[in-house]
Amino acid sequence: MIIAKKSRLFEKGFALYLLPLLRKSFSHLLGYGIRKIPEKPVIFIANHSSWWDGLLFFFLNHTVWKHDIHMMMHEKNLRKYIFFRYLGAFSIDKQNPKDIIRSLQYAEKLLAEGKSVVLFPQGDEYHQEIRPLAFSTGIGYLVEKHPDVPVVPITFYYSFRHDQKPEVWIRQSSPLSIEKIAGASRKERTAFLQDTVTAQLDALKKEAIAENVSEFNDLLGKE
């Protein structure tokens, strides 16, 4: 397992690099409900269809949430993009059951220290239209171990409209407390969160298709 090696200096420098990169790569980042989260720590969960997802989390945290976030990444991807380690990424190897346990225990430790954790419960990147999203039970495990920590669902939908560059539609939902996460068992809670994120993603897709931009803010701002 690869643990995080977060560097404040690297974070500051990377933030200066990231905004121009996002403006170069996307026409818009259209956000709905993107707001500060007073609860700390939280568990962020999101669908995972693009390499950009992790960078978007860093951007949102740097500009809006300002939590001490750490992100679980597939080990092969973290080895390929090792710089994520200095932004708070740590690894998980889905092919190694012992490593899965170590990674989840590490996430438990981070939460106990007051640090927020980002999970992509699908485990790998999948096309954004694939259903079901098929969450692993790691999220159910963390909810079980930290019932005091709320879960914040985030969804990303990538789309082309009228510009040469693509855009990203992003939706943030209100934190879910353990009382709002239906089910008593780990599998039941995982299934509930899977259904919640799926419904949120499908609703976001409809907004993108209908081009309902009036309630969305462009998070890139003006150059």
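The values are calculated or read from the model by the stated rules, or taken from the named source; none is laboratory data. Just so we're clear, the structure is a prediction, and the values are computed from it rather than from any experiment. Every residue, glycine as well, gets a Cβ built from its backbone with ideal geometry; the counts of neighbours run over all protein chains shown. Heavy atoms of the whole protein, side chains included, go into the accessibility calculation; ligands, DNA and RNA do not. Shrake-Rupley method; radii C 1.70, N 1.55, O 1.52, S 1.80 Å.
Here is a yes/no grid of residues against (1) open to solvent by 10 Å² or more (accessible area, probe 1.4 Å); (2) in contact with a Lys or Arg (Cβ under 6 Å, 6 or more places away or on another chain); (3) modelled with pLDDT of 95 or more; (4) polar (S, T, N, Q):
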{"residue": "Arg8", "(1), (2), (3), (4)": "yes, no, no, no"}
{"residue": "Ser27", "(1), (2), (3), (4)": "yes, yes, yes, yes"}
{"residue": "Glu39", "(1), (2), (3), (4)": "yes, no, no, no"}
{"residue": "His48", "(1), (2), (3), (4)": "yes, no, yes, no"}
{"residue": "Asn77", "(1), (2), (3), (4)": "yes, no, no, yes"}
{"residue": "Gln95", "(1), (2), (3), (4)": "yes, no, no, yes"}
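Show the residue pairs that are 6+ apart or on different chains and have beta-carbon atoms under 8 Å apart, the first residue being within segment 14-36 and under 28 Å from Ala203 (Cα atoms), the second being at pLDDT below 95 and surrounded by 17 or more Cβ atoms within 10 Å (Cβ to Cβ).
From segment 14-36, the pairs are Leu19/Leu220; Leu22/Leu220; Arg23/Leu220; Phe26/Leu220; His28/Leu220; Leu29/Leu220.
If I ask for residues that are closer than 19 Å to Lys187 by Cβ and either assigned to a loop (DSSP other than H, G, I, E, B) or hydrophobic (A, V, I, L, M, F, W, C) (or both), which ones from segment 122-141 would you list?
Gln122, Gly123, Arg131, Pro132, Leu133, Ala134, Phe135, Ser136, Thr137, Ile139
Which of the residues spanning segment 64-75 are buried (at least 17 other Cβ atoms within 10 Å of the Cβ) and either within 12 Å of the chain's Cα centre (by Cα) or of a type in the set (Asp, Glu) (or both)?
Hits for segment 64-75 are Ile69, His70, Met71, Met72, Met73, Glu75.
Specify which of the listed residues (Phe84, Phe120, Phe135) is touching a Ser or Thr at 6+ places or on another chain (Cβ under 6 Å), buried (at least 17 other Cβ atoms within 10 Å of the Cβ) and aromatic (Phe, Trp, Tyr).
The unique qualifying residue is Phe135.
Residues that are without any contact (Cβ under 8 Å) to a residue 12 or more places away in the chain and outside any helix (DSSP H, G or I): does segment 202-220 have at least one?
yes
What are the residues in segment 123-132 that are closer than 21 Å to Arg85 by Cβ and open to solvent by 70 Å² or more (accessible area, probe 1.4 Å), if any?
Glu125
State whether the residues of segment 203-213 include one that is within 17 Å of Phe44 (Cβ to Cβ) and either open to solvent by 70 Å² or more (accessible area, probe 1.4 Å) or small (Gly, Ala, Ser) (or both).
no
Are any residues in segment 50-63 open to solvent by 30 Å² or more (accessible area, probe 1.4 Å) and in contact with an Asp or Glu (Cβ under 8 Å, 6 or more places away or on another chain), and if so, which ones?
Trp51, His62
Which condition number in (1) open to solvent by less than 40 Å² (accessible area, probe 1.4 Å); (2) without any contact (Cβ under 8 Å) to a residue 12 or more places away in the chain is the one that Gln172 fails?
The failed condition is (2).
Could you list all residues from segment 182-201 that are out of contact with any strand residue (DSSP E or B) (no Cβ under 7 Å at 6 or more places or on another chain), surrounded by 14 or more Cβ atoms within 10 Å (Cβ to Cβ) and either of a type in the set (A, V, I, L, M) or outside any helix (DSSP H, G or I) (or both)?
Within segment 182-201, Gly183, Ala191 qualify.
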